[in-house]
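The values are calculated or read from the model by the stated rules, or taken from the named source; none is laboratory data. As the structure is a prediction and not an experimental result, all values here were calculated from the model. Reconstructed Cβ throughout: ideal geometry from the backbone, glycine too, with neighbour counts over all protein chains shown. Only protein heavy atoms, including side chains, enter the accessible area calculation; ligands, DNA and RNA are left aside. Shrake-Rupley method; radii C 1.70, N 1.55, O 1.52, S 1.80 Å.
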Amino acid sequence: MSDKDVLTGEHFIHGDAACAEGGLAAGCRFFAGYPITPATEVAERMARRLPQVGGVYIQMEDEIASMAAILGASWGGVKSMTSTSGPGFSLMMENIGLGMMTETPCVVVNIQRGGPSTGLPTLVGQADVMQARWGSHGDYGCIALAPCSPQECFDLTIHAFNLSEIYRQPVFVMADEVVAHMTERVVIPPREKIHIVGRKKPTGNPGDYLPFDSAGPLPAPMAVAGDGFHVHVTGLTHDERGYPVITDVVQERNVRHLVDKIRDNAHKIISVEETALEDADVVLIAYGCTARVARQVVEDLREKGLKVGLVRLITIWPFPSDLIRRLADRVKAFVVPEINYGQMAYEVERAAAGKAETVLFGVMGGSVHTPEEIEDLVMEYL
Amino acid sequence: MKRHLRELQPFNKEAEDKHIREGHGLHPLDAYLKPGRIPHIWCPGCGLGVALTAYIEALHRKKFPVDQCSVVSGIGCTGRIAGYLDMDTYHTTHGRAIPFATGLALARPDLHITVFSGDGDLFAIGGNHMIHAARRNVNLKVICVNNFNYGMTGGQAGPTTPIDAKTSTTPMGNAEPGFNLPHLAHASGAIYVARWTTFHPRQLVHSISESFDRKGFTFIEVIAPCPIGYGRPNKLGDGLEEMRYYREMSEVRNGADPGTAEIRLRDKILVGKFVDKERPDFLENYNNLVIAKAQAGKKGRAA
């Protein structure tokens, strides 16, 4: 039974399946979800695989319930995840806020399709980037990872679980329909080669334990139900003990802790892939399936001797502002191809602060950019 | 950008500890209450104190260690119950106590998990979750305190407000009939359904204790006075008079068909244990029908 959670070996699977396998390898033993294209295959894989390892798959009545259920399971001490796409991601926002406020580790896989509303159920989009960052009301920090291949769906889902345990909050895997439905070689390493962050538990006297301590750079260890710490967990503004306190003074500490634990550790969380930046005049900024096209563009144009580089965002949140700021001092332009009408491009423009031009190449959804059309655009800024 | 913020005032644990310990232990039920959380926020005459006490009495009667108990609640006056109990308690989002508790119960079948929430929380915004959890027969003990209105927001009409009853959003009287909660719970699949008013604390304690002996989704409705939000506009008087009203209007009829338990303003209220039956709960089915096959090597349909 125990060997079935990590399917060490080479596989030929799609991104959705790889997300599920990543979750299982990371120790996820509870999945609550609701069918939605193009994320359904994550749930289907979990429905088949979780019982093999003694875990629980439950299909809820909607995505609101799915998100609530994975928070409940996490407070029961079980690693938990859900998967969805745009319309379901919208419904989850309410309890994502609860997860942020109550500092509850869990993973939400969002396979992006074209929106708004029902949009393009079966076709690609990347227009939930800002929703991931700002979608639930109030201030909180955000961690979101953008896989560009089925292999990365596996790797980054594990990484998402690890980050969610370290920073005690829901972490997003922001894949897209193309990556999720693409079938490629996925290598699952031997168990001992997979880095897993376990849940830190408090020790010592329950009377001294502060479950929502905001003093340190990282959240407090998490006492779950039945541990004997008698924690009160609330979505209300609360003090370090977890007691609701409806004052501006406690609100100040509570919210700043939720934002600062990510902001102050952003340098540790941010992950990018840098290609041919050293002498680049034009730098592409891309993520997800779009980054695959951008890689091709860099290869094609470098072959022609043109000075083009690429920053592939592996974490889309937190955003690597410092890197873009440094690059802005010496490049002519940033070209941002994304499958939306400009989301990450705003972040690039903000960080570039007028020192280099920011050019959005927006495709509204339903198809990926071709290398040729990006190349034509890049040529205009070289 | 440059950030300018107010100076943070750090948490003073020593002072807070002193503050919350002050007077704690004087009440005989303090062992079940989180230090420093009393006085509660409920209005004079509210029925929630009786409901909370009944739950504690039931735990006491069952001799359940509090470490093995957990309460999940939603939003509203009843939603605040979780925060007063000295155990692992979860005060979730509006209407979502049941799906949160579903995750908790499936992760931790070893714990006694009670959902304590109001009629608006469980049956308006959370109605869909309620019926599906009952259908699945998740092992949850649901206690719904019904005061016929949204008390926390100041007395608006809700899913249980009887037809023609007055609230702040039905000033001429309610045009909608209210839900018959035991009927809905029964039809959705609850294995145990009872209704009491806060005038019936002994019966309520008995029902809560009994529900702990059942494995599956149990539902207990507690009719509670809300003299501010509901009693006043409907001329039911203050808290004591509203209790008197429930005493006079209640008719104990154990085993009654839940379909006959509809509540109208100034009409009799059927109370009692209406349903008590057995069927396998979600985890029993899941273990027998799914996990057993999966671990015997049956693959199931390929994903």
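Round to the nearest 0.05 the FRET efficiency obtained for B:I20 and B:E176 when R0 = 56 Å and r is the Cβ-Cβ distance. List each step's numbers first, then the result.
Details: r = 43 Å, r/R0 = 0.78.
Calculated transfer efficiency: 0.80.
If you average the sequence gap of Cα pairs under 8 Å that are 6 or more apart and divide by the length of segment B:1-141, what percent do you get for the contact order? All intermediate terms of the calculation are to be shown ahead of the outcome.
Details: 182 pairs, mean separation 28.2, N = 141.
About 20 percent, as a whole number.
Taking the Cα centre of segment B:45-302 as the origin and placing charges on Cβ (Lys, Arg +1; Asp, Glu -1), which of B:T92, B:M243, B:N149 is farthest toward the positive end of the dipole?
Projecting each Cα onto the dipole axis, the largest value belongs to B:T92.
How large is Rg over Rh for the protein assembly as shown, taking Rg from the Cα atoms and Rh as the Kirkwood inverse mean of 1/r across Cα pairs?
1.02
Quick one: which residues, 5+ away or cross-chain, put their amide H under 5 Å from the amide H of A:L284? H built at 1.01 Å from N.
Correct list: A:G309, A:L310, A:V311, A:V335.
Quote the charge dipole size of the protein assembly as shown about the Cα centre in Debye, to the nearest 20; the model charges only the Cβ of Lys and Arg (+1) and of Asp and Glu (-1).
Around 1740 debye, computed over the protein assembly as shown.
Quick one: 3J(HN,Hα) in Hz for segment A:229-239, Karplus 6.51/-1.76/1.60 with θ = phi - 60°, rounded, Gly and Pro as x.
Coupling constants for segment A:229-239: 8, 6, 7, 9, 10, 9, x, 6, 4, 9, 8 Hz.
Report, as a whole number in µm² per second, the diffusion coefficient that Stokes-Einstein gives for segment A:153-295 at 10 °C and 1.306 mPa s using the Kirkwood radius over alpha carbon pairs.
The calculation lands on 85 µm²/s.
Can you quote the Å³ per residue value for the convex hull of the Cα atoms in segment B:36-142, rounded to an integer?
98
Please give the Cα centre distance for segment B:229-270 versus segment B:1-63, rounded to the nearest Å.
Going from one Cα centre to the other spans 31 Å.
Could you pull out every residue, at least 5 positions away or on a different chain, whose amide H is within less than 5 Å of the one on B:H112? Hs are placed 1.01 Å off N in the peptide plane, and Pro or chain starts have none.
B:C69, B:S70
Considering just Cα atoms, how many Å³ per residue does the convex hull of segment A:85-188 enclose?
79
Any idea of A:H267's accessible area? Nearest 10 Å², probe 1.4 Å.
140
5 Å is the cut-off here: which amide hydrogens, built 1.01 Å from N in the peptide plane, fall below it relative to A:R113, excluding neighbours closer than 5 in sequence?
Those lying under 5 Å, H to H, from A:R113 are A:G86, A:G125.
So what does log10 I(q)/I(0) come out to for chain A at q = 0.08, 0.09 Å⁻¹, using the Debye formula with one equal point on every Cα and no solvent?
One equal scatterer on each Cα of chain A leads to -0.40, -0.51.
From the P(r) of chain B, can you give the percent of Cα pairs sitting at distances over 30 Å? Spell out each step's value before the answer.
On the way: 16030 of 45753 pairs.
Above the 30 Å cut-off, chain B has 35 percent of its Cα pairs.
Would you mind classifying segment A:9-193 by shape? Square roots of the alpha carbon gyration tensor eigenvalues, ordered a ≥ b ≥ c; an a/c under 1.5 is rounded, otherwise it is prolate if a/b is larger than b/c and oblate if not.
Cα axes put segment A:9-193 in the rounded bin.
Once phi is turned into ³J(HN,Hα) by the Karplus curve 6.51 cos²θ - 1.76 cosθ + 1.60 with θ = phi - 60°, what whole-Hz value does each residue of segment A:344-352 show in order, with x for glycine and proline?
Karplus values, whole Hz, x for Gly and Pro: 5, 4, 5, 5, 5, 4, 4, 6, 5.
Threshold 40 Å², probe 1.4 Å: give the residues of segment B:66-89, in number order, that are less accessible with all protein chains present than with their chain alone.
Buried by 40 Å² or more upon assembly, which counts only protein chains, are B:D67, B:D88.
Convex hull volume of the Cα atoms in segment B:104-151, per residue, in Å³?
74
Could you report the buried accessible area between B and A, both sides summed, computed with a 1.4 Å probe and given in Å² to the nearest 100?
Accessible area lost upon association: around 4700 Å².
Quick check: the distance between the Cα centres of segment A:1-62 and segment B:136-156, to the nearest angstrom?
Segment A:1-62 and segment B:136-156 have Cα centres separated by 34 Å.
Any chance you could check the Cα centroid distance between segment A:312-362 and segment B:161-216 for me, in angstrom?
Rounded to whole Å, the Cα centres lie 56 Å apart.
Relative contact order for chain A: what percent, with Cα pairs under 8 Å and sequence separation of 6 or more? Could you put the intermediate results ahead of the total?
Working: 861 pairs, mean separation 62.8, N = 382.
After rounding, I find 16 percent.
For segment A:115-125, what does the Karplus curve 6.51 cos²θ - 1.76 cosθ + 1.60, with θ = phi - 60°, yield as ³J(HN,Hα) per residue in whole Hz, taken in order and with x for Gly and Pro?
x, x, 6, 5, x, 10, x, 9, 10, 6, x
Only Cα pairs under 8 Å and at least 6 apart count here; give the relative contact order of chain B as a rounded whole percent.
Relative contact order comes out at 16 percent.
Please express the Cα-Cα pair-distance distribution P(r) of segment A:275-379 as a list of whole percents, one per 5 Å bin, running from 0 to the bin with the greatest distance.
Computed distribution, short to long bins: 2, 14, 27, 27, 20, 8, 1.
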